[in-house]
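Note sheet for the following structure.
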Amino acid sequence: MALPKKLKMCNLFNEGNSYLGQTGEVTIPKLVRKFENWRGGGMNGNVKIDLGLGDDISEFTWKLGGIDSQIIEQFGAVTVAANMLRFAGSYQRDDTGETEAVEIIVRGRHEEIDFGNQKAGDDTETTIKTQWSYYKLSINGVVKIEIDIPNQIEIVNGVDLLEKHRANIGI
């Protein structure tokens with residue numbers, strides 16, 4: 001029997017600035033592929049054709065206690081990779097004590113900053129929705145997935161899935 005690795009500690013960095021003790025929650029982006037049914041002549045059933053990344057893949061939502069001026073200053077960024085966020089998590093198995101470092105780096109811009117309800121004496125929290133154009137997931141320092149949408153790069157476990165496509169279209 002084995003127990004799962006569970007998140008024990010985490011931190012979030014915004015352009016290298018640590019939010020240790022301030023980060024309330026991070027919703028790690030889903031990895032989604034867009035599949036569509038295809039049933040060609042002579043086929044007795046459908047197959048799902050892979051059309052690349054899913055349409056709603058690029059959302060990274062996170063929460064901070066209180067209000068942070070850096071986020072406000074970043075609002076309205078004009079480029080799709082204007083701001084870098086880095087999630088660092090330490091996961092641990094309670095049966096063996098083994099730990100695992102998980103790092104997710106995204107570059108994007110903030111679509112929404114929700115200050116929530118503000119009432120003196122109550123907990124206040126800001127929710128930020130960042131739309132990313134670059135994503136990298138590493139486990140124990142090994143890059144598992146790297147996606148750079150504008151530069152047409154999609155690497156999974158060391159294999160660039162778009163390399164031949166880029167060559168085919170002359171880039």
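Computed from the coordinates by the stated procedures, all read-outs in this text should not be read as laboratory data. This is a predicted model, so every value here is computed, not measured. As a convention, Cβ positions derive from the backbone with ideal geometry for all residues, glycine included, and neighbour counts pool all protein chains shown.
Among the numbered conditions (1) surrounded by 17 or more Cβ atoms within 10 Å (Cβ to Cβ); (2) over 29 Å from L64 (Cβ atoms); (3) in contact (Cβ under 8 Å) with a residue 60 or more places away in the chain, tell me where I155 comes up short.
The number of the failed condition is (3).
Counting only residues that are more than 20 Å from H110 (Cβ to Cβ) and either basic (K, R) or not in a loop (DSSP other than H, G, I, E, B) (or both), how many does the range 25-69 have? Quick ask: steps written out before the conclusion?
The initial filter retains those residues of the range 25-69 that are more than 20 Å from H110 (Cβ to Cβ), namely 31-54.
Then keep just the ones that are either basic (K, R) or not in a loop (DSSP other than H, G, I, E, B) (or both); that gives 33-39, 47-53.
Looking only at that region, the number is 14.
Kindly list, by first and then second residue, each pair from a residue in the range 138-150 that is surrounded by 15 or more Cβ atoms within 10 Å (Cβ to Cβ) to a residue that is of a type in the set (S, T, Y), limited to pairs with Cβ atoms under 6 Å and residues at least 6 apart or on different chains.
These pairs meet every condition: I147/Y135; D148/Y134; I149/S133.
Each row is one residue, and each column tells you yes or no for (1) farther than 17 Å from N11 by Cβ; (2) surrounded by 12 or more Cβ atoms within 10 Å (Cβ to Cβ); (3) among the polar types (S, T, N, Q).
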residue	(1), (2), (3)
N83	no, yes, yes
T99	no, yes, yes
E103	no, yes, no
G108	yes, yes, no
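G21 - would you say it is on the phi > 0 side of the Ramachandran plot and either in a strand (DSSP E or B) or without any contact (Cβ under 8 Å) to a residue 12 or more places away in the chain (or both)?
On the way: on the phi > 0 side of the Ramachandran plot: yes; either in a strand (DSSP E or B) or without any contact (Cβ under 8 Å) to a residue 12 or more places away in the chain (or both): yes.
Judged against the criteria, G21 is a match.
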